[in-house]
1. Output the number of residues of the range 73-104 satisfying the condition of being acidic (D, E) and either in contact (Cβ under 8 Å) with a residue 40 or more places away in the chain or not in a helix (DSSP H, G or I) (or both).
2. Specify the residue that is nearest to T40 (Cα to Cα); the eligible residues are those in the range 104-150 that are of a type in the set (A, V, I, L, M) and within 14 Å of the ligand (Cβ to nearest atom).
3. Tell me, please, whether a residue that is under 30 Å from I137 (Cα atoms) and either loosely packed, with under 11 Cβ neighbours inside 10 Å or away from the ligand (no atom under 16 Å from the Cβ) (or both) can be found in the range 72-82.
4. Hey, C122 hits all of (1) closer than 30 Å to R31 by Cβ; (2) outside the structural domain of F34 (by TED's automatic domain parsing); (3) not charged (D, E, K, R) but one; which does it fall short on?
5. Just the residues that are under 16 Å from D110 (Cβ atoms) and not hydrophobic (A, V, I, L, M, F, W, C), please, taken from the range 126-144.
6. Tally time: how many residues in the range 16-44 are surrounded by 10 or more Cβ atoms within 10 Å (Cβ to Cβ) and assigned to a helix (DSSP H, G or I)?
7. Determine, yes or no, whether I13 is farther than 30 Å from I80 by Cα and either part of a helix (DSSP H, G or I) or modelled with pLDDT of 95 or more (or both).
8. Which of the residues that make up the range 98-124 are more than 20 Å from the chain's Cα centre (by Cα) and surrounded by 13 or more Cβ atoms within 10 Å (Cβ to Cβ)?
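The values are calculated or read from the model by the stated rules, or taken from the named source; none is laboratory data. Quick caveat: nothing in here was measured; it's all calculated off a predicted structure. Cβ: placed from backbone, ideal geometry, glycine included. Neighbour counts: every protein chain shown.
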Amino acid sequence: MPMIKEVKDMDKIRQFGNQMQYRMAQFMYGRNGFDTLARTCNGIAIFLLVINLFAQSRIVYLLWLVFFSYACFRVYSRNISKRYAENQKFLNMTEVPRRYVKLFKLQWHDRKVSRYYICKNCHQQIRVPKGKGRIEIRCPKCSERFIKKT
Ligand SMILES: [Zn+2]
């Protein structure tokens with residue numbers, strides 16, 4: 001009966017998967033998990049790892065170790081309130097660059113229909129339809145005017 005055996009094997013694999021998931025959830029219970037700061041450090045670590053495929057430098061390796069360890073430390077940390085405060089501080093400190101990253105992503109996603117600008121005065125994000133030539137844009141928040149080619 002090969003069919004039945006196969007089904008049983010599949011059941012076993014599924015059971016094993018569920019068990020692993022359950023154990024993982026149990027392990028992560030009461031721990032910080034991936035917050036923005038941990039995700040950023042992890043991203044930097046992966047970037048350094050790729051760089052070091054080519055550079056093979058000890059300094060890059062050490063940097064990778066620092067970012068990777070710190071990301072792990074954050075994810076598995078049990079001091080959630082302290083990690084939360086650090087993450088908030090990080091979010092406040094990086095508010096402007098993160099806004100630009102978000103803007104670039106949006107800009108890429110809507111590249112055929114819209115253009116996005118950030119007001120130099122108040123950092124408000126402004127969306128303008130594409131292909132209107134040179135136009136004067138007025139910031140809806142602070143009324144600052146600037147000329148852009150769309
Ligand atoms: Zn403005």
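1. 1
2. Selected residue: I118.
3. Scanning the range 72-82 turns up no residue that is under 30 Å from I137 (Cα atoms) and either loosely packed, with under 11 Cβ neighbours inside 10 Å or away from the ligand (no atom under 16 Å from the Cβ) (or both).
4. Only one criterion in (1) closer than 30 Å to R31 by Cβ; (2) outside the structural domain of F34 (by TED's automatic domain parsing); (3) not charged (D, E, K, R) is unmet by C122, namely (1).
5. Selection gives R127, P129, K130, G131, K132.
6. Qualifying residue count for the region: 20.
7. Working: farther than 30 Å from I80 by Cα: yes; either part of a helix (DSSP H, G or I) or modelled with pLDDT of 95 or more (or both): yes.
Against the criterion (farther than 30 Å from I80 by Cα and either part of a helix (DSSP H, G or I) or modelled with pLDDT of 95 or more (or both)), I13 qualifies.
8. So in the range 98-124, the residues more than 20 Å from the chain's Cα centre (by Cα) come out as 111-124.
Within the range 98-124, S114, R115, Y116, Y117, I118, C119, N121, H123, Q124 meet the criteria.
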